[in-house]
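Below: the structure, in structure tokens.
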Amino acid sequence: MARDEDPGSEGGDAAGPDGSPTARRIILGAQLRRLREAAEIPPAEAAYAIRGSESKISRMELGKVGFKERDVADLLTMYGVTDAVERARFLQLVSQSKQPGWWNRYADTMPHWFQDYIGLEGVAARIQTYELQFVPGLLQTTDYALAIASSGHPKLADDETRHRVSLRIKRQKLLARPGAPRLWAVIDESVLHRPIGGAAVLRAQIDHLLEMSKLPNIALQVVPFALSGYAAEGSFTMLRFAEPELPDVVYLEHLSGALYLDKLEEIERYGRTLDRLMVDARTPEQTRQLLLKSRAAI
């Protein structure tokens with residue numbers, strides 16, 4: 001999952017789907033798609049009505065582009081939606097989907113492909129993540145995050161680097177809000193022995209993991225060395241949502257971008273991988289004992 005641009009959460013902005021413009025776009029697009037299909041109107045015909053292409057209709061229905069009120073109003077008319085209250089509800093969603101997320105103030109320090117992840121994570125009901133190299137961003141301390149963001153030279157970190165770390169730490173507020181998502185994190189045992197930031201920083205990070213693992217909405221497991229690398233070849237995160245319009249998403253990050261997987265066969269494959277990781281990893285209680293043992297050895 002994201003290391004240098006990890007998202008944050010602030011206040012009640014991410015308390016539900018209404019708190020994320022990304023989620024609003026997806027919900028609005030899904031509702032428009034259902035209306036079009038119910039009216040038995042092909043995408044090409046809908047596209048002609050808004051002076052666009054068939055691919056534009058596809059992107060709109062997937063929530064991958066912004067919406068214009070005129071386009072939505074024209075589509076509603078074409079789909080037979082004449083009730084003033086219902087039309088107003090759709091147009092209100094259009095307006096809300098254009099409002100910037102709380103993370104907009106960090107836009108200059110994060111890549112554009114990461115902003116959708118922030119919006120989706122903020123409204124997830126369950127976050128399942130597997131990490132091979134680092135402690136997941138949601139569970140990092142400030143010093144540990146700064147060591148990563150500065151490539152091991154925190155004293156030389158510039159303002160932009162510290163700004164990125166601030167974004168990462170703000171993200172963690174979503175775990176303590178009312179209706180917080182359930183976090184299930186699996187990490188490779190090597191993470192506990194990798195001296196990110198030095199011995200003192202790693203000890204403090206393990207102490208933080210011990211504290212966070214006490215929270216009722218957080219489950220932490222460690223895959224032991226003997227079983228490392230069998231279930232998954234790389235880190236990934238799966239986001240699950242309570243809203244039926246929002247499909248589950250697997251997020252894979254690489255050096256120059258990210259992949260968002262939401263096809264049923266992809267979700268099922270990563271779901272099976274998560275099941276395997278749960279079996280291979282130490283139980284949460286065994287993990288706590290392993291954390292204590294690792295800390296004592298530092």
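The values are calculated or read from the model by the stated rules, or taken from the named source; none is laboratory data. The structure presented is a predicted model; accordingly, all values stated were derived computationally and were not measured. FYI the Cβ positions are ideal-geometry reconstructions off the backbone, even for glycines, and counts take in every protein chain you see. Surface areas here come from the heavy atoms of the whole protein model, side chains and all, with no ligands, DNA or RNA. Shrake-Rupley method; radii C 1.70, N 1.55, O 1.52, S 1.80 Å.
Side notes on the structure shown:
- Options 220, 202: the member that is at negative phi, at pLDDT 95 or above, open to solvent by less than 40 Å² (accessible area, probe 1.4 Å) and in contact with a strand residue (DSSP E or B) (Cβ under 9 Å, 6 or more places away or on another chain): 220
- Boolean, residue 74 is part of a helix (DSSP H, G or I) and either touching a His at 6+ places or on another chain (Cβ under 6 Å) or over 30 Å from residue 178 (Cβ atoms) (or both): yes
- From the list 164, 177, 171, the one residue that fits, being under 17 Å from the mean Cα position of the chain (by Cα) and part of a loop (DSSP other than H, G, I, E, B), is 177.
- The lone exception for residue 211 - which of (1) part of a helix (DSSP H, G or I); (2) in contact with a strand residue (DSSP E or B) (Cβ under 8 Å, 6 or more places away or on another chain); (3) free of Cβ contacts under 8 Å to residues at least 60 places away in the same chain; (4) not hydroxyl-bearing (Ser, Thr, Tyr) it fails: (2)
- Criterion: crowded, with 21+ Cβ neighbours inside 10 Å and either over 20 Å from residue 148 (Cβ atoms) or at pLDDT below 95 (or both) - qualifying residue of 192, 239, 209: 239
- Only one of 171, 177, 182 that is in contact with a strand residue (DSSP E or B) (Cβ under 9 Å, 6 or more places away or on another chain) and either touching a residue at least 40 places away in the same chain (Cβ under 8 Å) or over 21 Å from residue 237 (Cα atoms) (or both): 182
- Complete set of residues in segment 48-91 that are exposed (fewer than 15 other Cβ atoms within 10 Å of the Cβ) and on the phi > 0 side of the Ramachandran plot: 51, 80
- Filtered by the rule that a residue be open to solvent by 20 Å² or more (accessible area, probe 1.4 Å) and in contact with a strand residue (DSSP E or B) (Cβ under 9 Å, 6 or more places away or on another chain), segment 223-236 gives 225, 228, 229, 230, 231, 234, 235.
- Residue match in segment 77-84 (condition: touching a Leu at 6+ places or on another chain (Cβ under 6 Å), outside any helix (DSSP H, G or I) and not small (Gly, Ala, Ser)): yes
- Among residues of segment 272-294 that are more than 16 Å from residue 228 (Cβ to Cβ), those with a Cβ under 9 angstrom from a residue that is exposed (fewer than 13 other Cβ atoms within 10 Å of the Cβ) and at pLDDT 95 or above, sequence gap 6+ or separate chain, pair up as 288/214.
- Residue in segment 92-101 that is open to solvent by 60 Å² or more (accessible area, probe 1.4 Å), over 30 Å from residue 183 (Cα atoms) and modelled with pLDDT under 95 present: yes
- Selected residue [touching a Leu at 6+ places or on another chain (Cβ under 9 Å) and without any contact (Cβ under 8 Å) to a residue 24 or more places away in the chain] from 223, 165: 165
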